[in-house]
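Step one of this worksheet: look at the structure below.
The values are calculated or read from the model by the stated rules, or taken from the named source; none is laboratory data. Only a predicted model underlies this, so the values are computations on that prediction, with no experimental measurement involved. Cβ sites come from the backbone with ideal geometry, for glycine too, and all protein chains shown count toward neighbours. Heads up: the accessible areas ignore ligands, DNA and RNA and are worked out on the full protein's heavy atoms, side chains in. Shrake-Rupley method; radii C 1.70, N 1.55, O 1.52, S 1.80 Å.
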Amino acid sequence: MGASLLRLHFHDCFVDASLTSFRCNSGCDASVLLNDTATFTGEQTALPNQGSIRGLTVIDNIKAQVEAVCNQTVSCAAILDVAARDSVVALGGPSWTVLLGRRDSTTANKSNADRDLPPPTFDLANLTASFANKNLSVTDMVALSGAHTIGQAQCLNFRDRIYNETNINSTFATSLQANCPRTSGSGDTSLSPLDTTSPTSFDNAYYGNLLSQKGLLHSDQQLFNGGSTDSTVQNFASSASAFNSAFTAAMINMGNISPKTGSQGEIRRSCSKVNS
Ligand code: HEM
């Protein structure tokens, strides 16, 4: 569950929920939590989210308990940010200070979610561009990808890699095939760990996996594939403390993507819907 909560925060921060066609102040604002209604389409049915984001009811439960103690004071965006941090800590990873005071969106934007969340088919250049688009550096990108030291992915997101790619350890590829048949439509939603070495510990094993061509997603292995990010991957694989400090710095940078403050947005009473 910690993995799902960390991913929710990422999928919140990367998406501008504003409905205008140009970039406006909107990022880590809990837009991802808004459910669709008869008259409103949110971000949950965007391709990177549908059938794939988990942990929404956990956030709802936390919000209900916080509301019971202190009415309309702690935003859903703040809860998402804190839950991501506390999930990392609970799984053995580093801690950092979350800036509080951010507020919630009153809308969401499905097409921006489809446009801005990087798919696992991306190559290094596209990954770099999608993080640069959010003012995040290449080092931030490599460090944040280390979140794949926990959690799981569905077969449909790594099938092509384990059957057709050549920059993959063959024993590793074979071991995944039983749970992920070659034929599309069969076993699509079967889960495998993103970090084959220590799937439930927040550590730097993800980078060691990349050095031995055991990245689960195409996009993971792109970070160590003879390109400009190889040396950063090697550094994070050999030094847990280098990874931890780069990861915490990058999480703070990601959490600072255009939060809503002051009188912008609102503090939702329930995270899945705007206040009525
Ligand atoms: C670099 C670009 C990234 C791509 C292409 C990517 C893609 C993916 C994909 C395809 C999955 C599996 C989803 C599924 O099969 O249901 C996944 C899972 C996950 N991602 Fe990423 N991701 C990226 C960056 C990040 C970042 C920046 C974070 C957080 C800081 C993150 C955190 C996670 C976590 C924790 C999971 C496991 C979720 C779970 O088990 O519920 N990812 N990602």
### Task
Place a +1 charge on the Cβ of each Lys and Arg in segment 70-141 and a -1 charge on the Cβ of each Asp and Glu, then give the dipole magnitude about the Cα centre in debye, rounded to the nearest 20.
180
### Message
Treating only the Cβ of Lys, Arg, Asp and Glu as charged (+1, +1, -1, -1), what charge dipole size does segment 82-183 show about its Cα centre? Round to the nearest 20 debye.
### Response
180
## Note on the structure
Projecting the Cα atoms of L5, F40, T171 onto the charge dipole of the chain, where Lys and Arg contribute +1 and Asp and Glu -1 at Cβ, the residue farthest towards the positive end is F40
### Query
With respect to the cross-link table entries K63/K214; K214/K260; K110/K273, which display a Cα-Cα separation exceeding 27 Å?
K63/K214; K214/K260
### Message
Within the chain, what whole-number % of the accessible surface is contributed by carbon and sulfur, with the 1.4 Å probe and all protein chains included in the calculation?
### Response
53
### Task
State the extension gain, in nm to one decimal, for the chain segment bounded by S212 and R54, taking 0.36 nm per residue of separation less the distance between their alpha-carbons.
53.9 nm
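Between N235 and A125, what length in nm is gained on full extension when 0.36 nm per residue of separation is reduced by their alpha carbon distance? Working shown, then result.
Numbers: separation 110, 0.36 × 110 = 39.60 nm, distance 2.05 nm.
Taking N235 through A125 to full extension adds about 37.6 nm, to one decimal.
Excluding N35 itself, what net charge comes from residues whose Cβ is under 11 Å from its Cβ, given Lys and Arg +1 and Asp and Glu -1? Walk me through the intermediate numbers first.
Values: positive: K273; negative: D36, E43, D60.
Overall, the nearby charge balance is -2.
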### Query
Given 0.36 nm per residue, what is the gain on full extension from S170 to A90 after removing their alpha carbon distance, in nm?
25.5 nm
## Note on the structure
Once Lys and Arg are counted +1 and Asp and Glu -1 for all other residues with Cβ under 12 Å from that of G146, the total becomes -4
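So, by mean Cβ neighbours within 10 angstrom, what's the order for 108-120, 137-149 with the highest one leading? Let's see the in-between values first.
Numbers: 108-120: 19.2, 137-149: 22.6.
The packing order, highest mean first, is 137-149, 108-120.
Can you compute the helix-only [θ] at 222 nm over the chain? Use -39500 (n - 2.57) per DSSP H run of at least 4 residues, normalise by all residues, nearest 500 deg cm²/dmol. Don't skip to the end; give the middle numbers.
Working: 12 runs with 116 residues, N = 276.
-12000 deg cm²/dmol, from helical runs alone.
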## Note on the structure
So, with points 7 Å from each Cα along the Cβ direction, the D188-Q154 label distance in nm works out to 0.7
